[in-house]
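Student: Take this structure, written in structure tokens, and hold onto it; I'll ask about it next.
The values are calculated or read from the model by the stated rules, or taken from the named source; none is laboratory data. Because the structure is a prediction, the values reported are computed rather than measured. Here Cβ is always computed from backbone atoms with ideal geometry, including for glycine, and neighbour counts include all displayed protein chains. Keep in mind that these areas ignore ligands, DNA and RNA; they rest on the heavy atoms of the full protein, side chains included. Shrake-Rupley method; radii C 1.70, N 1.55, O 1.52, S 1.80 Å.
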Amino acid sequence: MHKVKAKSILSSSGNMNIYRGCTHGCIYCDSRSRCYNINHDFEDVEIKENALELLEDTLKRKRNKSMIFTGSMSDPYIPIEKDLKLTRGALELVYKYGFGITLLTKSDLILRDLDLIKKINEKTKCVVQMTLTASTDSLSKLIEPNVAPASKRINALKIFSENNIPTIVWLGPILPFILDNEENICALLDMMIKVKVKGILYFGIGMTLREGNREYYYKQLDKLFPNMKEKYIKYYKNNYFVNSFNNDKLVKLIDETCILNNIMHNTDEIFSYLKKFEEKEYVQLSLF
Ligand code: SF4
């Protein structure tokens, strides 16, 4: 890891990434793509050491409260967060200044911050988002080697639901020829229904590959799934969108299951829900 002094911490759309790079080792990681111009080894995580000063300064000066988003480019709960507690510090500031936040992670280290997440959600809004792609721990350990396996993520989602924290699952990427089968999708859906997720976000069945993440993914396929890379090259060539041949069947299955179980699944609806800042009624009343 290495530290830098950042110039800013929040993008104009409210995105915050305290870390740059990630040690979770997901074989499909899009953040490795060359277009993001990460000029250091992806695993050599860059830490914005002044992240909390910058965040406090920005939140203090903002006229309107809004939602903050974290986890799009790097997981906010990578192992070094255990010691550095920068994500926790950011949550404390979000609470102090009355903003809302949504965190996207694959790590159950997020449970450490349940107390603060609850406090924020009582005052404004805090949504926990988790990615799920493989239903079994053995497969998720292969594909996402350094992070909580599927069962631990499901358990974390259950605990958040029990504490009235809304949860959204990013269902994907669903790796063609590896995870794009009914058995895997049905098992994931069953688990998500049991733990009462509020929404399931998915963009069809498949994945994306581009310069940077493609090379890494193929290298891992060679190690983990012999002859699979050749299949990808044969069917997908250099395509950015790598869609499953089972796409239609599985999309129908997910849509129908979500409707039946009253789970939000329309992408636009989920994104507007995540963006909508809410203050709880008693907080508004206490202002008068
Ligand atoms: S957790 Fe996200 S950023 Fe980290 S390796 Fe996995 S996909 Fe990439």
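Student: Extending each Cα 7 Å along its Cβ direction at E230 and R34, get the distance between those two points in nm, one decimal.
Tutor: About 2.7 nm, to one decimal.
Student: While we're looking at this one, here's another question. Once the other residues with Cβ under 10 Å from the Cβ of L91 are scored (Lys, Arg +1; Asp, Glu -1), what is the net sum? Please list the in-between numbers first.
Tutor: On the way: positive: K85, R88, K96, K119; negative: E92, D113, D115.
After counting each charged neighbour, the total is +1.
Student: Using 0.36 nm times the number of residues separating D248 and N164, minus their current alpha carbon distance, what extension gain do you get? Walk me through the numbers on the way to the answer.
Tutor: Values: separation 84, 0.36 × 84 = 30.24 nm, distance 3.35 nm.
Length gained between D248 and N164: 26.9 nm.
Student: Please find, in a Gaussian network model of the chain (springs between Cα atoms separated by less than 10 Å), the residue of S107, S66, S11 whose mean-square fluctuation is greatest.
Tutor: S11
Student: Another one. Counting each DSSP H run of 4 or more residues in the chain as -39500 (n - 2.57), what helix-only mean residue ellipticity at 222 nm follows after dividing by all residues, to the nearest 500 deg cm²/dmol?
Tutor: -12000 deg cm²/dmol
Student: How much area per residue is accessible in region 67-140 when the probe is 1.4 Å and only protein heavy atoms are counted (Å²)?
Tutor: Values: 2240 Å² over 74 residues.
Per-residue accessible area for region 67-140 comes out at 30 Å².
Student: Can you list residues whose amide H is under 5 Å from G212's amide H, if they're 5+ apart or on another chain and H is modeled 1.01 Å from N?
Tutor: R34
Student: Got a number for carbon plus sulfur as a percent of region 67-220's accessible area, 1.4 Å probe?
Tutor: On the way: 2860 of 5310 Å².
In region 67-220, the share of accessible area belonging to carbon and sulfur is 54 percent.
Student: Treat region 131-288 as a sphere of radius equal to its Kirkwood radius over Cα pairs and apply Stokes-Einstein at 4 °C in a medium of 1.567 mPa s; give the translational diffusion coefficient in µm²/s, rounded to a whole number.
Tutor: Working: Rh = 17.3 Å.
The calculation lands on 75 µm²/s.
Student: When the Cα centres of region 181-223 and region 229-283 are compared, how far apart do they sit, in Å?
Tutor: Cα centres, region 181-223 to region 229-283: 10 Å.
Student: Where Lys and Arg each count +1 and Asp and Glu each count -1, what net charge lies around T131 among other residues with Cβ under 14 Å from its Cβ? Can you show the working numbers first?
Tutor: Values: positive: K106, K152, R153; negative: D30, D75, D108, E144.
With Lys, Arg at +1 and Asp, Glu at -1, the neighbours total -1.
Student: Here is a further query. Please say if region 1-148 is rounded, prolate or oblate, where rounded means a/c under 1.5 for a ≥ b ≥ c the square roots of the C-alpha gyration tensor eigenvalues, and otherwise the choice is prolate for a/b larger than b/c and oblate otherwise?
Tutor: Cα axes put region 1-148 in the oblate bin.
Student: Percentage of Cα-Cα pair distances in the chain greater than 33 Å, rounded to whole percent?
Tutor: Numbers: 9446 of 41328 pairs.
Above the 33 Å cut-off, the chain has 23 percent of its Cα pairs.
Student: Could you order peptides 58-65, 181-188 by the average number of other Cβ atoms within 10 Å of their residues, highest first? Show your work: numbers first, answer last.
Tutor: Working: 58-65: 11.4, 181-188: 16.4.
For the peptides 58-65, 181-188, the packing ranking is 181-188, 58-65.
Student: What percent antiparallel are the DSSP beta bridges of the chain, to the nearest 5? Write down the numbers at each step before the final one.
Tutor: Working: 6 of 29 bridges.
Close to 20 percent.
Student: Please list the non-local residues whose amide H lies under 5 Å from the amide H of G71, H modeled 1.01 Å from N, same-chain partners needing a gap of 5 or more.
Tutor: It is M16, L104, by chain and number.
Student: Show the residues, 5+ positions off or on another chain, whose built amide H is closer than 5 Å to the amide H of Y19.
Tutor: Those qualifying (amide H under 5 Å, at least 5 residues apart or on another chain) number zero.
Student: Given a Förster radius of 25 Å and the C-beta distance between M264 and K85 as r, what FRET efficiency does 1/(1 + (r/R0)^6) yield to the nearest 0.05? Kindly include the intermediate steps, with their values, before the conclusion.
Tutor: Details: r = 32 Å, r/R0 = 1.27.
Step by step, r from the Cβ atoms, then E = 0.20.
Student: Additional query: Would you mind working out the magnitude of the charge dipole of the chain relative to its Cα centre, with +1 at each Lys and Arg C-beta and -1 at each Asp and Glu C-beta, to the nearest 20 Debye?
Tutor: The dipole magnitude comes to about 600 debye.
Student: Let me ask something additional. For Cα pairs less than 8 Å apart in space and 6+ apart in sequence, what is the mean separation divided by the residue count of region 2-285, i.e. the relative contact order in percent? If you can, show how the numbers build up before the last one.
Tutor: Details: 473 pairs, mean separation 53.8, N = 284.
For region 2-285, the relative contact order is 19 percent.
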